Amino acid sequence: MQHASLEQEAFQDMTALTLDAGLFTSEFRLCDTIAEYLANIVAQSHEDPARYANFSSLVINEIIELAFRSTEPVGRIDIDLLKSETRVRACVAFAFGKDSSTTWATFDRAAAPSRPHPAYDLAALAQAVDVNLFVETRGDDRVTLIADFLVREGTR
């Protein structure tokens with residue numbers, strides 16, 4: 001997982017979803033529904049869309065569930081899919097509790113955590129399926145989890 005300095009690339013909007021955090025955190029089944037929907041969009045340009053949707057769904061579902069477990073039950077959850085020539089970027093932004101701001105700001109997947117970070121397993125999964133994962137913190141109470149998927153296999 002890398003922190004904010006994402007390389008500049010021209011991305012176009014594919015889809016956006018904003019949910020009330022209270023509703024989102026009261027309906028766990030939304031995690032699977034949203035992840036499946038987004039994974040199908042991510043996989044559209046692949047030679048075998050069903051297979052790639054399965055892989056991308058794993059990562060997206062983990063991101064959505066991490067947001068579910070980590071967000072405050074007030075405010076909003078913002079979910080965006082963006083597309084460039086080489087990547088589809090999934091972004092999930094949410095408010096986190098004041099007590100966890102240091103955790104998000106200092107997360108580094110290369111470090112062996114003495115106290116496991118909530119995103120540590122997500123980072124390992126993303127690395128295993130060749131998805132670039134980033135954490136971006138905004139202000140002192142909002143985090144965005146960003147996953148970059150290849151538009152097509154073999155594209156770098």
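The table below lists the values:
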item	result
Residue within segment 1-22 that is among the charged types (D, E, K, R), surrounded by fewer than 16 Cβ atoms within 10 Å (Cβ to Cβ) and under 14 Å from the mean Cα position of the chain (by Cα) present	no
Helices (runs of 4 or more DSSP H) wholly inside segment 1-94 that include at least 3 residues being in contact (Cβ under 8 Å) with a residue 60 or more places away in the chain	49-70
Test: residue in segment 96-108 that is at pLDDT 75 or above and among the β-branched types (Val, Ile, Thr)	no
Conditions (1) at pLDDT below 85; (2) out of contact with any helix residue (DSSP H, G or I) (no Cβ under 7 Å at 6 or more places or on another chain); number of the one not met by ARG142	(1)
Residue satisfying all of: in segment 109-133; within 17 Å of GLU65 (Cβ to Cβ) and assigned to a loop (DSSP other than H, G, I, E, B); modelled with the lowest pLDDT among these	PRO116
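The values are calculated or read from the model by the stated rules, or taken from the named source; none is laboratory data. Only a predicted model underlies this, so the values are computations on that prediction, with no experimental measurement involved. We place every Cβ from the backbone using ideal geometry, glycine too, and count neighbours over all the protein chains shown.
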